[in-house]
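Sharing a structure with you now.
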Amino acid sequence: MACLTIKATTYFSSSSSEISLPSSPFKPFKLPPFWPWQKVKVGPLSVSPMGFGTWAWGNQLLWGYQESMDSELQRTFNLAVDNGINLFDTADSYGTGRLNGKSEKLLGKFIRDYQGQKRVQKDIVIATKFAAYPWRLTPGQFVNACNASIDRMQIEQIGIGQLHWSTANYNPLQEAALWDGLVAMYDKGLVRAVGVSNYGPKQLLKIHDYLKARGVPLCSAQVQFSLLSVGEDQLEIKNICDSLGIRLIAYSPLGLGMLTGKYTTSNLPRGPRSFLFRQILPGLEPLLTSLKEIAQKRSKTVPQVAINWCISKGTIPIPGVKTVKQAEENLGALGWRLSSQELLQLEDAARESPGKMIQNIFQTR
């Protein structure tokens, strides 16, 4: 009997193996080159163990966005979805100047234009964040913001509606109105789940109890979490999340690019990031050295190791992506786990490195 040889990619790496099957008139089943682990739960939602962030989509100032990039962004989105990624994080404030809201618009368009299976398309979870602008003073205004995001993306319902930051430090009265806005959008069925972003330990406990008393579960908390920014507050937030069943979403898992190993003080990125990199990179040598050692030993890249550390700590990292190449590399963080010894090595190196990420000014205590 004649045999057909198929190149099949394993679940746990990008290497391929050959499988011999009897000849068949049907097209061979082709496994994707990357395969996320079993989905993880965020409240009622099942999401991939890593999502992708879309801060750069529409941001000209920091990330150099141009509308000519849209076709590459669509291919990047398609690649991610084809390989099991179904969580995409955005915000109503993403996009600079006249492009405000552009990230949401592009994400909605890419979902509509996706040519893959309808079931896969239907399973995509959008987590968007609503800015605590000073003119959003009532629950109704926050609900209006949610409806505006739904209109921009042309979807029926948002997966996770998140409060982008807390106003407790400078306008506590507004904070209460925003919390009631989260309750209202959940009760109206505009979002399937609610979350927060940039909340410190104390405020996280407060809003959890406030929402719980009104029958609304707090499903996620998004904070800056990486080997470059894991401090006492981050660890306390992680412990609170674990104890209360809140899923921690780790933004900037690559420290705006500093944990990619691609930059040095003589090779800085363009734009405002260069000032931050020049300040922090000189103090990252122990950490970057450990990342490179483990990457080489495991035949991985430095970004893959840095992202896998976040996954191994029980978080859902959401690295930003602008290109197919970035998406392919980030997908290589899935399907394997750092050992406990490797985790300790990286964390010791992080403590030895004087360079630390600057804390987001919007994060509360």
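The values are calculated or read from the model by the stated rules, or taken from the named source; none is laboratory data. Quick caveat: nothing in here was measured; it's all calculated off a predicted structure. Cβ atoms come from the backbone with ideal geometry, glycine included; neighbour counts cover every protein chain shown. Accessible surface areas use protein heavy atoms only, side chains included; no ligands, DNA or RNA. Shrake-Rupley method; radii C 1.70, N 1.55, O 1.52, S 1.80 Å.
Note down, for region 38-169, the three equivalent ellipsoid semi-axes (square root of 5 times each alpha carbon gyration tensor eigenvalue), biggest first, whole angstrom. Before the final figure, lay out the partial values.
Values: eigenvalues 114, 73, 34 Å².
Semi-axes (√(5λ), whole Å): 24, 19, 13.
Per residue of the chain, what 222 nm ellipticity follows from adding -39500 (n - 2.57) for every DSSP H run with n ≥ 4, rounded to the nearest 500?
Using -39500 (n - 2.57) per qualifying helix, the result is -12000 deg cm²/dmol.
Could you work out the relative contact order of region 131-285? I mean the mean sequence separation of Cα pairs under 8 Å and 6+ apart, divided by the number of residues, in percent.
Dividing the mean separation by the residue count of region 131-285 yields 17 percent.
Next up: Taking the Cβ of Lys297 as the centre, find all other residues whose Cβ is under 15 Å away and add up their charges (Lys, Arg: +1; Asp, Glu: -1).
Here the charged neighbours net out to +2.
Under a 5 Å amide H to amide H cut-off, with H placed in plane at 1.01 Å, what residues pair with Val42 once short-range neighbours are removed?
Residues meeting the amide H criterion: Val47.
List, in order, the whole-Hz ³J(HN,Hα) value for each residue of region 72-88 obtained from phi through the Karplus relation with A = 6.51, B = -1.76, C = 1.60 and θ = phi - 60°; use x for Gly and Pro.
Per residue, the Karplus-derived 3J(HN,Hα) values read 5, 5, 5, 5, 5, 4, 4, 4, 4, 5, 4, 9, x, 6, 10, 10, 10 Hz.
A further question follows. Let me check something: with ligands and nucleic acids excluded, how do Glu232, Glu285, Glu175, Glu347 order by accessible area (1.4 Å probe), largest to smallest?
So, going from the largest accessible area down, we get Glu232, Glu285, Glu347, Glu175.
What value does region 144-211 have for Rg/Rh, both radii from Cα atoms and Rh as Kirkwood defines it?
Value, to two decimals: 0.98.
For region 313-326, take each phi angle, set θ = phi - 60°, evaluate the Karplus expression 6.51 cos²θ - 1.76 cosθ + 1.60, and give the result in whole Hz per residue in order, putting x for glycine and proline.
8, x, 9, 10, x, 10, x, x, 9, 10, 9, 4, 4, 5
Then there's this: With every protein chain in place, what's the accessible area of Arg278 (1.4 Å probe, Å², nearest 10)?
Estimated to the nearest 10 Å², Arg278 gives 120 Å².
Compute a Gaussian network model of the chain, connecting alpha carbons closer than 10 Å, and tell me which residue from Ser266, Ser226, Ser166 fluctuates the most.
Result: Ser266 has the largest fluctuation of those listed.
Expressed as a rounded percentage, what relative contact order does region 207-251 have, with Cα pairs under 8 Å and six or more residues apart?
Dividing the mean separation by the residue count of region 207-251 yields 46 percent.
Note down the relative contact order for the chain as a percent, whole number, built from C-alpha pairs under 8 angstrom at least six residues apart.
Details: 689 pairs, mean separation 66.5, N = 365.
Over the chain, the number comes to 18 percent.
Between Gly335 and residues 5 or more places away or on another chain, which pairs have amide H atoms under 5 Å apart, with H built 1.01 Å from N, and which residues are they?
So Gly335 has HN proximity to Trp37.
To two decimal places, what compactness ratio does the chain give when its Cα radius of gyration is scaled by 2.2 N^0.38 Å? Walk me through the intermediate numbers first.
Values: Rg = 20.9 Å, N = 365, 2.2 N^0.38 = 20.7 Å.
Taking N as the residue count of the chain, the ratio is 1.01.
Would you mind checking the radius of gyration and Dmax of region 62-139 based on alpha-carbon positions, in Å?
14.1, 42
Each residue of region 293-298 in turn: what ³J(HN,Hα) in whole Hz from Karplus with 6.51, -1.76, 1.60 and θ = phi - 60°, glycine and Pro shown as x?
For region 293-298, the Karplus curve yields 4, 5, 4, 5, 5, 9 Hz.
I've got another one for you. Whenever you get a sec, line up Arg298, Arg112, Arg119 from highest to lowest accessible area (probe 1.4 Å, protein heavy atoms).
The residues order as Arg119, Arg112, Arg298, largest area first.
Add +1 for every Lys or Arg and -1 for every Asp or Glu among the other residues with Cβ under 13 Å from the Cβ of Arg247, and state the total.
Neighbour charge sum, excluding Arg247 itself: +2.
Taking the Cα atoms of region 240-308 alone, what are Rg (to one decimal) and Dmax (as a whole number) in Å?
Reported Rg and Dmax, both Å: 14.4, 45.
Under a GNM of the chain (C-alpha, springs under 10 Å), which listed residue has the highest mean-square fluctuation: Trp55, Trp135, Trp165?
Trp135
Can you tell me which of Gln203, Gln74, Gln341 moves the most in a GNM of the chain? Springs connect C-alpha atoms under 10 Å apart.
Residue with maximal mean-square fluctuation among Gln203, Gln74, Gln341: Gln341.
Considering only Cα-Cα distances, which of the following residue pairs are longer than 27 Å: Lys109/Lys202; Lys102/Lys238; Lys102/Lys122?
Lys109/Lys202; Lys102/Lys238
Give me the Kirkwood hydrodynamic radius of region 252-365, using the inverse of the mean 1/r over all pairs of distinct Cα atoms, in Å to one decimal.
About 14.7 Å, per the Kirkwood formula over Cα pairs.
Same structure again: For region 186-331, what mean projected area does the convex hull of the alpha carbons give, in nm²? Don't skip to the end; give the middle numbers.
On the way: hull surface 42.4 nm².
Its Cα hull, projected and averaged over all orientations, spans 10.6 nm².
In the neighborhood of Leu331, defined by Cβ-to-Cβ distances under 15 Å, what is the net charge if each Lys or Arg adds +1 and each Asp or Glu adds -1?
Within the 15 Å Cβ shell, the charges total +1.
Check cross-link reach from Lys206 to the aspartates and glutamates: straight Cα distance under 18 Å, and skip same-chain residues fewer than eight apart.
Here the aspartates and glutamates satisfying the reach criterion relative to Lys206 are Glu175, Asp180, Asp233, Glu236, Asp242.
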